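The values are calculated or read from the model by the stated rules, or taken from the named source; none is laboratory data. Quantities reported herein were computed from a predicted structural model and do not represent experimental measurements. Note that each Cβ is placed from the backbone with ideal geometry, even for glycine, and that neighbours are counted across all protein chains shown. Accessible surface areas use protein heavy atoms only, side chains included; no ligands, DNA or RNA. Shrake-Rupley method; radii C 1.70, N 1.55, O 1.52, S 1.80 Å.
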Amino acid sequence: MDAELKKALHLGLADALGFVLGAIAGWQLGLQLGFDFVNNPDWGGPQIFGLLLIVAGCGAGRWFFRSLLARITR
């Protein structure tokens, strides 16, 4: 396998895992804190904060898996 293709595959996998697992972690944190965005049809402050936790989880998960990949591939 070409080195560039292998690097792109690793980065794509790290991004995908980071986004999905980070979003799930952010959603679960929101549930624990009482800010459920997914299962609530209303739009208010708590739901927006729950959405922000999910988005922050996506970013944090991506950052974590990218940094983990950088450590592994050194």
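Restricting the first member to the stretch 12-29 and to residues that are of a type in the set (D, E, K, R), and the second to residues that are crowded, with 16+ Cβ neighbours inside 10 Å, the beta-carbon pairs closer than 6 Å and six or more apart or on different chains are D15/R62.
Does the stretch 51-74 hold any residues that are over 14 Å from the mean Cα position of the chain (by Cα) and either open to solvent by less than 40 Å² (accessible area, probe 1.4 Å) or over 19 Å from G12 (Cα atoms) (or both), and which are they? The answer is L69, and nothing else. Scan the stretch 39-46 and give yes if some residue there is among the hydrophobic types (A, V, I, L, M, F, W, C), over 18 Å from the mean Cα position of the chain (by Cα), at pLDDT below 95 and over 20 Å from I72 (Cα atoms), otherwise no. Yes, that holds for at least one residue.
The residue of the stretch 13-38 that is nearest to T73 (Cα to Cα), among those that are under 16 Å from the mean Cα position of the chain (by Cα) and open to solvent by less than 40 Å² (accessible area, probe 1.4 Å), is A14.
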